[in-house]
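The values are calculated or read from the model by the stated rules, or taken from the named source; none is laboratory data. From a predicted model like this one, the values you see are computed outputs, not experimental measurements. Here the Cβ is made from the backbone with ideal geometry for all residues, glycine too, and neighbour counts use every protein chain on show.
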Amino acid sequence: MAIPVIDFSKLNGEERAKTMAQIHNGCEEWGFFQLINHGIPEELLERVKKVCSEFYKLERGENFKNSKTVKLLNELAEKKSGEKVEHADWEDVITLLDDNEWPENTPDFRETMAEYRSELKKLAQRIMEVMDENLGLPKGFIKKAFNGGDGDNAFFGTKVSHYPPCPYPELVNGLRAHTDAGGVILLFQDDKVGGLQMLKGGEWIDVQPLPNAIVINTGDQIEVLSNGRYKSCWHRVLGSPSGNRRSVASFYNPSLKATISPAPQLVVEKENQEVEDTYPEFVFGDYMSVYAEQKFLPKEPRFQAVRAK
């Protein structure tokens, strides 16, 4: 079983209806799909690979070797008790925002990643418009909800991660299983070193590396806005004893001040429906406060916890 691979360029041709249906299926049945021919220049993607790999070698690799995670893993391995690292991930990560500090010592990193983020943000907005149409919502509905109205207030962040070779992958996760808190996630993953898996039907499925594809997955806020039609999907990253996995994930999330609730067009009142069976209305910042403490726990209690705020 393999996650769907969709040719995004066919949205503009004779196969538009078929492509729309494929994206709808990817959102509704999977929560994960891969886009090819997505419009982001391959030359830019090659530069992203280059600067991200060079950044890790120049600015991060030695730091990770001395990190608490490495120390904890080595201590557990020496005990030979079979005990696993429970509250840490075998991941080195930085986050890029428009207004935070970026790496300065890697040539062309800033220029390349700024250009890449601009392209990814436009792609995220195109995907949301497809979701609007597939769900029968007005064009721009999801974008407007995430921005808290008109304007450009949505949160757009990019997480640059590396998963170095792990000497004891059976004792630690590359990244623990979770659903994403936000909206639309666009991942440019390593095309040689795998490790990303998604959960479907109780089975963990590999998200196979595909050169220059962009992996799309839906977060918790898309689940709420779609009233459960498009559910966020559990996923994780496994550690590997060989290879240095690169991962660049961008998140188009609501503004912290945005109010999120199911789209009225998708809500059907049912007799005797319990309040707990419905998605609540909440301010996204409140949800993030809950998520920060419960990221690796079941998501349903998060929705109920934010209901009580």
State whether one or more residues within segment 166-181 are surrounded by fewer than 20 Cβ atoms within 10 Å (Cβ to Cβ) and assigned to a loop (DSSP other than H, G, I, E, B).
yes
For segment 69-110, what are the residues that are assigned to a loop (DSSP other than H, G, I, E, B), over 26 Å from LEU45 (Cα atoms) and more than 26 Å from the chain's Cα centre (by Cα)?
LYS80, SER81, GLY82, GLU83
Taking segment 198-217 and keeping residues closer than 14 Å to LEU123 by Cα and in a strand (DSSP E or B) leaves ILE214, VAL215, ILE216, ASN217
Boolean, LEU137 is more than 18 Å from the chain's Cα centre (by Cα) and either closer than 30 Å to ALA258 by Cβ or surrounded by 18 or more Cβ atoms within 10 Å (Cβ to Cβ) (or both)
yes
Can you name the residue in segment 281-306 that is in a loop (DSSP other than H, G, I, E, B) and in contact (Cβ under 8 Å) with a residue 40 or more places away in the chain and is also farthest from ALA263 (Cα to Cα) among such residues?
PHE296
Scanning segment 1-20 for residues that are surrounded by fewer than 13 Cβ atoms within 10 Å (Cβ to Cβ) and among the small types (Gly, Ala, Ser), the one nearest to GLU133 (Cα to Cα) turns out to be ALA17
Could you give me the residue pairs with C-beta distances under 6 Å whose first residue belongs to segment 85-110 and is free of Cβ contacts under 8 Å to residues at least 40 places away in the same chain, whose second residue is part of a loop (DSSP other than H, G, I, E, B) and surrounded by fewer than 18 Cβ atoms within 10 Å (Cβ to Cβ) wherever it lies, and which are 6+ apart or on separate chains?
ARG110/TRP102
Residues that are in a loop (DSSP other than H, G, I, E, B) and either within 30 Å of GLY174 (Cβ to Cβ) or at pLDDT below 90 (or both), drawn from segment 268-280:
VAL268, GLU269, LYS270, GLU271, ASN272, GLN273, GLU274, THR278
If you go through segment 45-64 one residue at a time, do you hit one that is farther than 21 Å from TRP102 by Cβ, free of Cβ contacts under 8 Å to residues at least 40 places away in the same chain and not hydroxyl-bearing (Ser, Thr, Tyr)?
no
Pick out the one residue from SER226, SER261, SER247 that is buried (at least 16 other Cβ atoms within 10 Å of the Cβ), hydroxyl-bearing (Ser, Thr, Tyr) and touching a helix residue (DSSP H, G or I) at 6+ places or on another chain (Cβ under 8 Å).
SER226
